[in-house]
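Engineer: First the structure, which I've put down as structure tokens, then a few questions once you've had a look.
The values are calculated or read from the model by the stated rules, or taken from the named source; none is laboratory data. Please read all numbers here as calculations on a predicted model, not as lab measurements. Please note: Cβ atoms are built from the backbone with ideal geometry, for glycine as well, and neighbour counts cover all protein chains shown.
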Amino acid sequence: MAMTESVRLDKWLWAARFYKTRSLARQVVQSGKVLLDGQRCKPSRTVAVGNLLKFPRGHDIMEVEVLQVSDVRRNAPEAQKLYQETEASVVRREKEAELRKLNAHLNPHPATKPDKKQRRDLRKFKNEM
């Protein structure tokens with residue numbers, strides 16, 4: 001694994017496999033959603049061992065500590081060696097996932113798609129309102 005002393009933030013997020021492309025990582029950092037040691041920063045900010053990163057990933061907010069710095073994207077097991085998620089982050093993610101499962105019944109999905117007649121009836125109903 002190509003280890004260096006410091007790497008750009010967007011490049012490290014990409015190498016650690018949090019974002020599929022480097023441009024996606026750059027966009028997230030530029031939008032102010034990534035905190036490095038509690039502060040918003042630019043994509044060019046360097047990441048060093050011991051930094052604490054907080055960023056969105058899907059529905060969750062991840063908080064990780066940088067254990068190693070790399071500017072090369074490798075396979076997932078090697079990428080997971082670059083960071084360690086904090087205990088508070090793990091607990092929060094599991095709690096939020098459980099809440100999402102419990103609230104799934106509030107947004108039910110039909111078993112099948114509406115057929116042609118049902119779609120016509122839906123359009124008719126919406127237009128009457």
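Engineer: Can R74 be described as basic (K, R), modelled with pLDDT under 95 and part of a helix (DSSP H, G or I)?
Structural biologist: It is false that R74 is basic (K, R), modelled with pLDDT under 95 and part of a helix (DSSP H, G or I).
Engineer: Consider Q27 carefully, then state whether it is of a type in the set (S, T, N, Q) and either over 18 Å from E5 (Cβ atoms) or within 18 Å of the chain's Cα centre (by Cα) (or both).
Structural biologist: Taking the combined requirement at face value, the residue satisfies it.
Engineer: With the requirement that a residue be of a type outside the set (V, I, T), surrounded by 16 or more Cβ atoms within 10 Å (Cβ to Cβ) and closer than 21 Å to E85 by Cβ, what does the stretch 18-34 give you?
Structural biologist: Result: F18, Y19, A25.
Engineer: Oh, and also: Within the stretch 99-115, is there a residue that is in a strand (DSSP E or B) and in contact (Cβ under 8 Å) with a residue 12 or more places away in the chain?
Structural biologist: no
Engineer: Does Q80 fit the bill of being at pLDDT 90 or above and closer than 14 Å to L13 by Cα?
Structural biologist: Answer is yes for this residue.
Engineer: Can you tell me which residue within the stretch 35-52, out of those that are part of a strand (DSSP E or B) and touching a residue at least 40 places away in the same chain (Cβ under 8 Å), is surrounded by the most Cβ atoms within 10 Å (Cβ to Cβ)?
Structural biologist: V47
Engineer: Can you spot a residue in the stretch 83-104 that is within 16 Å of R8 (Cβ to Cβ), modelled with pLDDT of 95 or more and of a type outside the set (G, A, S)?
Structural biologist: yes
Engineer: E94 - would you say it is free of Cβ contacts under 8 Å to residues at least 12 places away in the same chain, within 30 Å of S6 (Cβ to Cβ) and not hydrophobic (A, V, I, L, M, F, W, C)?
Structural biologist: It is false that E94 is free of Cβ contacts under 8 Å to residues at least 12 places away in the same chain, within 30 Å of S6 (Cβ to Cβ) and not hydrophobic (A, V, I, L, M, F, W, C).
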